[in-house]
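Below is one structure, written out as C-alpha cells; comments come after it.
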C-alpha cells in the first residue's frame, strides 16, 4: 500500500515538473495563441506561488 502511494506521489511530481519545464514552454505544439498564453500565465502564477512559499518558509525558519 505504501509503495503504491509513493509511486502515485512520484508520478504526480513528475507531471508537475514536466509542466513547469522551460523547454516545454517554448515548443510549437499549439497553433492557438490564446491557449499558449493561458498556459504561460498558469506557469508564471505557479512559479510565483512556489517562490512565495519558499520566502515564507525561510522567514519562518529564520525567526
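Against the longest alpha carbon principal axis of the chain, how many degrees, from 0 to 90 and to the nearest 10, is the axis of helix 2-20 turned? Between the helix axis and the principal axis of the chain, the angle is about 50 degrees. You can think of it this way: the chain between residue 24 and residue 41 has 4.7 nm of extra reach, that is 0.36 nm per residue less the Cα-Cα gap. Full extension of the chain between residue 34 and residue 14 yields a length gain of 4.6 nm, computed as 0.36 nm times the residue separation minus the alpha carbon distance. Restricting the calculation to Cα atoms, the chain yields a radius of gyration followed by a Dmax of 15.9, 49 Å.
Computed from the coordinates by the stated procedures, all read-outs in this text should not be read as laboratory data. Given the structure is predicted, the values throughout are model-derived calculations rather than measurements.
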